[in-house]
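The values are calculated or read from the model by the stated rules, or taken from the named source; none is laboratory data. Worth saying up front: this structure is predicted, and the values here are computed from it rather than measured. Every residue, glycine as well, gets a Cβ built from its backbone with ideal geometry; the counts of neighbours run over all protein chains shown.
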Number of protein chains: 2
Amino acid sequence: MQEMILAEGKVLPGGILKVGSFLNQKIDTAFLAEMAEEIARLYGGCGVNKILTVESSGIAIAAAVGIVMKVPVVFAKKHRSSNVDGETYGADVHSFTHGTDYRMVVSRDYIGPEDRVLLVDDFLANGQALNGLIKIVEQAGAELVGCAIAIEKCFQGGGDALREKGIRVESLGMIESMTDDSITFRV
Amino acid sequence: MQEMILAEGKVLPGGILKVGSFLNQKIDTAFLAEMAEEIARLYGGCGVNKILTVESSGIAIAAAVGIVMKVPVVFAKKHRSSNVDGETYGADVHSFTHGTDYRMVVSRDYIGPEDRVLLVDDFLANGQALNGLIKIVEQAGAELVGCAIAIEKCFQGGGDALREKGIRVESLGMIESMTDDSITFRV
């Protein structure tokens, strides 16, 4: 992952790491399959029976992990409105990337107390999206096994805050710091 | 696919087929892998070197097909605004399902004249989304090899209109007609 980020990633002004050429928008599927195998290995034997992600950029990696782990994948949808109906679990999330608020919802049919859930996403920065998914897991009465992330921007603190709460967070690439012309990884 | 639709699908008022329990929102990954294998078989030997889909429900099946066919997957993003910059290909699309218009965009970096493109999506109804993707393939000067769809609602005509233009469209489940209590497949 570190080699891939160094070879393909671009640092944009404002601390944005652009990895559209292999992880978003254009997906390197051989690399996607490798990431899925590694996540399945990390969480093998943990009794995961459901993967939860949020649309849209998390879907590809979540689906790939689900195929390898042979468990169903559920994805939360992003709604603009905050209206709640009785048929969904939901959490309000603020996106710092886009400067917007949205409501993340999952039908009650698709997650429940019998589930041992692995959260999968492409990016972890401040942790807003993961925190929303964790609320949904709690509402469903399901058990959170942990989180699996392609790229964590450690300097934004979301991952470490979750780890301090005792939540297992595994990130395949961990960026400790980033400037316009250098990327430092946590090892 | 027919068995899956009959076992899991629900027909909602207004001709809507709900397959959230295996194809959207909750994805049956064993079935997803089977669909991907079948699509890879159908388009094997056609020289496909890129898969194009549109966020978000098409991403899972496109990624799965990409892994099997060992080619990169590109997904078009949906934007609300119709502003065009020089860095993207784009097409304006009307969504009958949601009653909204959006602009579908793909970075010029991710598709070009060297590409032989397979379009992959979960649903084909009136063909608005596929027509948008076809415009993007044309703008890129790429070659369209064909389309692979999980479920086609034939009675909405989009698939047959494309076939009449000479475009290869392969749909794994083809619904000829649908009433509140019956589903008829095209065989």
Scanning the stretch B:102-130 residue by residue, those within 12 Å of chain A (Cβ to nearest Cβ), over 8 Å from the mean Cα position of the chain (by Cα) and of a type outside the set (A, V, I, L, M) turn out to be B:Ser107, B:Arg108, B:Asp109, B:Tyr110, B:Gly112, B:Asp115
Flagged pairs (Cβ under 7 angstrom, 6 or more apart or on separate chains; first in the stretch B:96-118, polar (S, T, N, Q); second at pLDDT below 90 and part of a loop (DSSP other than H, G, I, E, B)) are B:Ser107/A:Gly20; B:Ser107/A:Gln25; B:Ser107/B:Glu87
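Scan the stretch A:10-30 residue by residue and report those that are modelled with pLDDT of 85 or more and either basic (Lys, Arg) or closer than 13 Å to A:Ile151 by Cβ (or both).
The answer is A:Lys26, and nothing else.
Restricting to the stretch A:9-29, name every residue that is exposed (fewer than 14 other Cβ atoms within 10 Å of the Cβ) and of a type in the set (A, V, I, L, M).
A:Leu12, A:Ile16, listed by residue number.
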Notebook entry, point to check: Does A:Ile134 satisfy the condition of being within 19 Å of A:Val105 (Cβ to Cβ), of a type in the set (A, V, I, L, M) and surrounded by fewer than 21 Cβ atoms within 10 Å (Cβ to Cβ)?
Noted result: yes
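Within the stretch A:68-90, does at least one residue satisfy the condition of being closer than 30 Å to A:Leu42 by Cα, charged (D, E, K, R) and away from chain B (no Cβ under 13 Å)?
Checked the stretch A:68-90: no residue is closer than 30 Å to A:Leu42 by Cα, charged (D, E, K, R) and away from chain B (no Cβ under 13 Å).
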Counting only strands (runs of 3 or more DSSP E) entirely within the stretch B:3-55, those with at least 3 residues that are within 14 Å of chain A (Cβ to nearest Cβ) are B:50-54
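Going by what's in this entry, would A:Asp101 be described as surrounded by fewer than 19 Cβ atoms within 10 Å (Cβ to Cβ), part of a helix (DSSP H, G or I) and among the acidic types (Asp, Glu)?
It is false that A:Asp101 is surrounded by fewer than 19 Cβ atoms within 10 Å (Cβ to Cβ), part of a helix (DSSP H, G or I) and among the acidic types (Asp, Glu).
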Q. Just wondering, is there one or more residues in the stretch B:75-83 that are in contact (Cβ under 8 Å) with a residue 40 or more places away in the chain and closer than 24 Å to A:Ser21 by Cβ?
A. yes
